[in-house]
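Student: The structure follows.
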Amino acid sequence: MRRIGLVFAIPFLVVTFLIGFASAPAEASKKYAALVLDVETGKVLFSRHADSRRHPASLTKIMTLYMVFEALEKGTLTLNQRLPVSARAAGQPPSKLGLKRGQTIRVRDAIKALVTKSANDVATVVAEAIGRTEYRFAVAMTERAKELGLRSTRFMNASGLHDRRQVTTARDMARLAIVIRRDFPTYYKEFSTRRFTYGGRTYTNHNKLLGAYDGTDGIKTGYINASGFNLVASVQRNGTRLIGVVFGGRSGRTRNAHMRKILTNGFKRAEEIRIATFKPPLPVLRPTIVVAAAPQTVPELLAAIGSADDDEVGSRDDSGAWGVQVGAYSTELRAQRSIATARGLLPNMLSDADGKVEALTDRDVPIYRARLFGLLEREARSVCLDLKRRHLPCVPVPAGG
């Protein structure tokens, strides 16, 4: 009987082990690395092996597209320009559009093919158009990446096809996601393309978080055997934008599930940090009022101020020494737009307020705070309540605070 039990027990243990191995978290993979970053504050909300070198696979095409967007802005490429397909480009392995030698493809179609299909043949086409050879283009990619602050990244081709010397880190890919959106806000919208039709065929974006995870607007997936399943995702909710990076997923499905998990936790942590770091000063009453009837608790104190007449409350600075912050952004332009949006939503309260963009440059990626001053404290708090109802971030701030 013992032998029979052992015969049945061994297969059971093997199956149990395999199930446990298959369901192991992404962290178990030696290829694994991950990072979640709050773009506006620059705070890292989750990090695992973020500075360990990994193979980027098709995340490489984010940098390829950066070079394309830069060439468009410089005028060395145009969207309707047709790029020739060489024999080398046509011979690239899948994933590809199946372009033939001697064909041409418009730049605008090449962009969408790189974003959605992650086409290797198209990557070589644009590399040869910009750099004359793909090797020269890869050298230029690496040099530009260093200038952008990607200190641990080296590119050897434009597609991400495996080369042991082609490496990056989760932190570098997060930074690349930030700067490509910062530098090319119009072209960045291409990363939200869900479908692309070319040559009578329709290709679906490999980034399955688009349309499935609230707030996702990009940016790119990647896979080679040496890297596992990779993903860089950009998600914005209620004025908070997070960049998530995952390397080394065992499958696209498990990678996506892990990305959802760390981003969801990231949004919770970002909110907790913002609540914790904003500590509005307690209102100070005039001595005569404090002596006459000083409330004993903070709620009583706030209630008293809320009901008092303006000329009786010393905490209400009649010089308009309060304001509101309507977000902190990665570009000065976005901060200016947020100020204009706030004025448009509440013209009666903010039309005469003094808009100000404050730059915080003591970090890897500069942050620009959008603020409007010239309000009384009660007005500032009222403005923030109204703006939050309209889904615009807002925090009341004292002048100089």
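FYI, it's all coordinate maths here, none of it is from the lab. Every value quoted in this text rests on a predicted model; they were computed, and no experiment measured them. Using ideal geometry, Cβ is built from the backbone for each residue, glycine included, and neighbour counts are taken over all protein chains shown.
Student: Sort Thr78, Thr116 so the one with the fewest other Cβ atoms within 10 Å of its own Cβ comes first.
Tutor: Lowest count first: Thr78, Thr116.
Student: So for each of 63-74, 237-248, 178-189 I average, over its residues, the number of other beta carbons within 10 Å; can you give me the resulting order with the highest mean first?
Tutor: 237-248, 63-74, 178-189
Student: Determine ³J(HN,Hα), in whole Hz, for all residues of region 388-398 in sequence, where each value follows from phi through the Karplus function 6.51 cos²θ - 1.76 cosθ + 1.60 and θ = phi - 60°; x replaces Gly and Pro.
Tutor: 5, 5, 9, 6, 10, x, 7, 9, x, 9, x
Student: Please arrange Tyr329, Tyr198 by how many other C-beta atoms lie within 10 Å of their C-beta, fewest to most.
Tutor: The fewest-first ordering by Cβ neighbours comes to Tyr198, Tyr329.
Student: Next question. Taking the Cα centre of each part, how many Å lie between region 346-401 and region 78-145?
Tutor: Result: 45 Å between the Cα centres.
Student: Applying 1/(1 + (r/R0)^6) with R0 = 45 Å to the Cβ-Cβ distance of Asn265 and Arg88, what FRET efficiency is obtained, to the nearest 0.05?
Tutor: 0.50
Student: Mind listing the long-range amide H neighbours of Thr216? Cut-off is under 5 Å, sequence gap 5 or more, other chains count too, H placed in the peptide plane at 1.01 Å from N.
Tutor: When sequence neighbours closer than 5 places are left aside, the close amide H contacts are Gly211, Gln236.
Student: If you don't mind, there's one more thing I want to ask. Given N residues in region 317-398, what is Rg(Cα) / (2.2 N^0.38 Å)?
Tutor: Relative to the 2.2 N^0.38 Å estimate, region 317-398 comes out at 1.03.
Student: Calculate the radius of gyration of the Cα atoms of region 36-167 to one decimal place, then report Dmax, the largest Cα-Cα distance, as a whole number, both in Å.
Tutor: Using the Cα atoms of region 36-167, the pair Rg, Dmax is 15.4, 49 Å.
Student: Please arrange Cys394, Cys384 by how many other C-beta atoms lie within 10 Å of their C-beta, fewest to most.
Tutor: Cys384, Cys394
Student: Still on this structure, I have one more. For a paramagnetic label modelled at 7 Å from the Cα of Thr104 toward its Cβ, which residues of region 74-89 fall within the zone defined by backbone nitrogen distances under 18 Å?
Tutor: Under cut-off, by backbone N: 76-87, 89.
Student: Quick one: Debye curve from the alpha-carbon atoms of region 29-275 only, equal weights, vacuum; give me log10 I(q)/I(0) at q = 0.15 Å⁻¹ to two decimals.
Tutor: Summing over Cα pairs of region 29-275 leads to -0.99.
Student: Same structure, new question: Grab the Cα-Cα distance for Ala226 and Glu272, subtract it from 0.36 nm times how many residues apart they are, and report the gain in nm with one decimal.
Tutor: Going from the current span to full extension adds 12.8 nm.
Student: May I ask for the net charge around Arg154, where only other residues with Cβ less than 11 Å from the Cβ of Arg154 are counted and Lys, Arg are +1 while Asp, Glu are -1?
Tutor: +2
Student: How much length would be gained if the chain were fully extended between Arg195 and Ser152, taking 0.36 nm per residue of separation minus their Cα-Cα distance, in nm to one decimal?
Tutor: 12.2 nm
Student: Rounded to the nearest angstrom and ordered from largest down, what semi-axes does the equivalent ellipsoid of region 175-276 get from its C-alpha gyration tensor (root of 5λ)?
Tutor: Over the Cα atoms of region 175-276, the ellipsoid semi-axes are 24, 18, 13 Å.
Student: If R₀ is 30 angstrom, what is the calculated FRET efficiency for the pair Arg389 and Ala359, using the beta carbon separation as r and rounding to 0.05?
Tutor: The calculated FRET efficiency here is 0.55.
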